[in-house]
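First comes the structure, then the notes that go with it.
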Amino acid sequence: MNLDNGLYLEQSLALSMYQIQSLEILAMDTQELRNLLKDEYLENPMFDYHGESGARPREMMTYQKNYQDAMDDKDKFLSNIPMPEEGKIRRYLLGQLPQHISRQDEELAEYMIDCLDDEGFLTISMEEIARGVERSVEDVKRMLAILTEMEPHGIFQPDRQHCLMKQMELAGKADSKAYSILQDYYTELLNGKISVITRGMKVTTAEVRKCIEEIAELNPHPLQGFDTGENRYIEPDIIAESEHGVWTIRLNDDWVEDYGISDYYVSMMKTTKDPELLEYFEKKLERARLLIGNIAQRRKTIERVVSQILKNQAEFFNGHGPLLPMTMSGLAEELEISPSTVSRALRGKYLQYPGGTVLLKDLFSTSVSRVQGTEGEVNVSAAMIQQRMKELIQAEDRSHPLSDQAIAELLKAEGIRISRRAVAKYREELGIRSSFDRKAK
């Protein structure tokens, strides 16, 4: 064995913490970013939420303020969604009843469903329900025990307090501090009397604050925005608008501006004489500034990437043509950034424009064919081929519709070389029936 001592020159690349966090934040969609900022707010005293009323010391934050902060965006979104039809709610709830239930119990369940108020609470007494259906109070209580286990969780409770407690029970958190606060200090919670809760439970203010955030994640209105699985709503990450042919882009993250550095704790840092506390504050301040800087960089990168996409696919976004072939590596080359940066900037993000809402990654496709044009060969995407196929089929003689092979030959005559099998695939993707089914009867 030969062991030599010597000097060797080796090149390596190490990413700084700033770069690592920057890449992670760039890949986040709007909801993931919202969760990140909320978690940082809970953990970092230097990172504060200002909101509409300005910055306030954390000890002064009330339950109502915390809860409203957590629910505002969701409530604004849900307020634009009409309540589901009463019949849909009834069908959904009845569909959760145990199998082989008797017809009499099913009628009892239907009656109790009809007794729910608009928020999903059951405020009528068991005795009144029993009289209404001529059943015993025990029968009503037995059915209520079944109904309160149904989704959406928290339904059939007498009030909001029990609704929230039931949701925690079903989540296996009946022994948590948050559950105890709901059970024993609900009035104090509503009135923001955090000091009363901390003294009564012998916990810190920070622990109560985390419990408040945990409670804020619950649904106090079981039937608000109730989803039976029939509709899906997408929150766009980027919004593009066009005026006189000029596109403007903005990220759907105006709420980010409500977060910033806490003047309260910066002032405390400047006046403290405790070296350990000073070091703690300095580290937390650096972390908060790093996060704010990376979010600003995320915004710039996404806006730059989307602007180039709008430029490359101008005909599509203006409604004048199909998507052109475009790859992430090609876009990265145009912007002089790495393909991985483009991929992260697009990951899971939706773009809303006057023509609708589209997943950004769906705008990319490789060319599947090359056509000899007046200025030489040009790339043709699957979307362009599908558009041409639609035009050929719309113009066909319905008494003699075009077969897949005939369409392939017509496209070949136009310089687009594509197999009959590919034509069949694109036709099915377009939802167009076969030539046999299209033939006029």
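The values are calculated or read from the model by the stated rules, or taken from the named source; none is laboratory data. Since we're looking at a predicted model, the values are computed, not measured. With ideal geometry, Cβ positions are generated from the backbone for all residues, glycine too; neighbour counts draw on all protein chains shown. These area figures cover heavy atoms from the full protein model, side chains too; ligands, DNA and RNA do not enter into them. Shrake-Rupley method; radii C 1.70, N 1.55, O 1.52, S 1.80 Å.
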From 315, 279, residue being open to solvent by 40 Å² or more (accessible area, probe 1.4 Å), part of a helix (DSSP H, G or I) and under 27 Å from residue 20 (Cα atoms): 279
Single match in 194, 146 (criterion: at pLDDT below 90, among the aliphatic types (A, V, I, L, M) and over 25 Å from the mean Cα position of the chain (by Cα)): 194
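Yes/no per residue for (1) surrounded by fewer than 15 Cβ atoms within 10 Å (Cβ to Cβ); (2) of a type outside the set (D, E, K, R); (3) assigned to a helix (DSSP H, G or I):
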{"residue": "98", "(1), (2), (3)": "yes, yes, no"}
{"residue": "116", "(1), (2), (3)": "no, yes, no"}
{"residue": "138", "(1), (2), (3)": "yes, no, yes"}
{"residue": "145", "(1), (2), (3)": "yes, yes, yes"}
{"residue": "150", "(1), (2), (3)": "no, yes, no"}
{"residue": "154", "(1), (2), (3)": "no, yes, no"}
{"residue": "168", "(1), (2), (3)": "no, yes, yes"}
{"residue": "178", "(1), (2), (3)": "no, yes, yes"}
Hits in the stretch 380-414 - residues which are open to solvent by less than 30 Å² (accessible area, probe 1.4 Å), of a type in the set (Asp, Glu) and in a helix (DSSP H, G or I): 404
Number of positions in the stretch 253-264 that are under 30 Å from residue 29 (Cα atoms) and either in a helix (DSSP H, G or I) or among the small types (Gly, Ala, Ser) (or both): 8
Unique residue being of a type in the set (Lys, Arg), modelled with pLDDT of 50 or more and within 29 Å of residue 254 (Cβ to Cβ) when the list is 76, 38: 38
Selected residue (only one of 307, 338 is touching a strand residue (DSSP E or B) at 6+ places or on another chain (Cβ under 8 Å), farther than 22 Å from residue 382 by Cα and either surrounded by fewer than 17 Cβ atoms within 10 Å (Cβ to Cβ) or among the charged types (D, E, K, R) (or both)): 307
Pick from the stretch 114-132, criterion within 10 Å of residue 155 (Cα to Cα), in contact with a Leu (Cβ under 7 Å, 6 or more places away or on another chain) and of a type in the set (A, V, I, L, M, F, W, C), ranking: modelled with the highest pLDDT: 122
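Every residue, every condition in (1) of a type in the set (A, V, I, L, M); (2) assigned to a helix (DSSP H, G or I), yes or no:
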{"site": "292", "(1), (2)": "yes, yes"}
{"site": "300", "(1), (2)": "no, yes"}
{"site": "321", "(1), (2)": "no, no"}
{"site": "333", "(1), (2)": "no, yes"}
{"site": "351", "(1), (2)": "yes, no"}
Count - residues of the stretch 120-132 that are open to solvent by 40 Å² or more (accessible area, probe 1.4 Å) and among the aliphatic types (A, V, I, L, M): 1
Residues of the stretch 232-246 that turn out to be open to solvent by less than 80 Å² (accessible area, probe 1.4 Å) and among the charged types (D, E, K, R), as a count: 2
Per-region count, the stretch 197-208, residues modelled with pLDDT under 85 and either assigned to a loop (DSSP other than H, G, I, E, B) or not small (Gly, Ala, Ser) (or both): 1
Qualifying residue in the stretch 45-66 (condition: open to solvent by 50 Å² or more (accessible area, probe 1.4 Å), more than 28 Å from the chain's Cα centre (by Cα) and either modelled with pLDDT of 80 or more or over 30 Å from residue 284 (Cα atoms) (or both)): no
For residue 349: the one exception among (1) open to solvent by 30 Å² or more (accessible area, probe 1.4 Å); (2) touching a helix residue (DSSP H, G or I) at 6+ places or on another chain (Cβ under 8 Å); (3) under 23 Å from residue 383 (Cα atoms); (4) among the basic types (Lys, Arg): (1)
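Matching residues to (1) more than 24 Å from the chain's Cα centre (by Cα); (2) within 30 Å of residue 120 (Cβ to Cβ):
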site: 216; (1), (2): no, yes
site: 219; (1), (2): no, yes
site: 247; (1), (2): yes, no
site: 300; (1), (2): no, no
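Okay, residues lined up against (1) open to solvent by 30 Å² or more (accessible area, probe 1.4 Å); (2) under 29 Å from residue 171 (Cα atoms):
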| site | (1), (2) |
| --- | --- |
| 194 | no, yes |
| 212 | no, yes |
| 248 | yes, no |
| 256 | no, no |
| 267 | yes, no |
Unmet requirement for residue 182, which otherwise passes all of (1) more than 27 Å from the chain's Cα centre (by Cα); (2) open to solvent by 20 Å² or more (accessible area, probe 1.4 Å): (2)
